[in-house]
Structure formats: structure tokens, C-alpha cells
Amino acid sequence: MKKQEFMKKLSAHLKKMPKLDRDDILADFEEYFDAAQAENENEETLCERLGDPKKIAKEYYMQKYIEEANMQKSFKSMS
């Protein structure tokens, strides 16, 4: 898989994520590709190291869910 395909799949799997969060995540991955290019690393190799875009998106959704749950818990404990 190449960068364009990886980013397209990742973006598609993050479509339910709030736009600001999705844009931040995609910008981070753009930086990964830029850094790999600066190190003369092949796009396909980086895509393999990063893993499946669907699994990456699931991890971000879980992280978002945990953050929201922790915030709700904090609000409850404040009252």
C-alpha cells in the first residue's frame, strides 16, 4: 500500500470522528510520511510498519471513548 491509499482508508475509517480530531490525526500521519521520506524510507515499508488503517482508527475511537468517560467521571466527582 502507498501513502495515498493508506491516508484515504484511514480518513474513511475516521469519518465518524469529529472533524477537528480527524484532521489532527491525519496531520500526524502526514508527518510520519514526511519524516519517513526524509529518511529515504519507502512508503510501502512505512505503511506496513504503521499497520491496518481500520485497526488504527479503532484505536483512536477507543481512546476518544476512554477520554470522554474519564471526563464524565471527573464532572460527576466535582459535584
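Throughout, read-outs are computed from the coordinates displayed, never taken from laboratory work. Because the structure is a prediction, the values reported are computed rather than measured. Using ideal geometry, Cβ is built from the backbone for each residue, glycine included, and neighbour counts are taken over all protein chains shown.
Some notes on this structure:
- Pair ASP23, TYR61: separation of 7 Å Cα→Cβ label points (nm): 2.3 nm
- Computed E for MET71/GLU31 - FRET, C-beta separation, R0 25 angstrom, nearest 0.05: 0.40
- Between 0 and 90°, nearest 10: helix 19-38 axis offset from the chain longest Cα axis: 30 degrees
- For the chain, the set of GluC sites (Glu not before Pro) satisfying both a DSSP loop assignment and a count of at most 15 other C-beta atoms within 10 Å is given as GLU39, GLU41.
- Shown here for segment 1-67: trypsin sites (Lys or Arg not before Pro) in loop regions (DSSP other than H, G, I, E, B) with at most 13 other Cβ atoms within 10 Å, namely LYS2, LYS15, LYS16.
- Expressed as a whole percent, the proportion of Cα-Cα pairs in the chain lying more than 17 Å apart is 51%.
- Those residues of segment 1-28 whose amide nitrogen sits under 15 Å from the label point placed on ALA38, 7 Å along Cα→Cβ: 28
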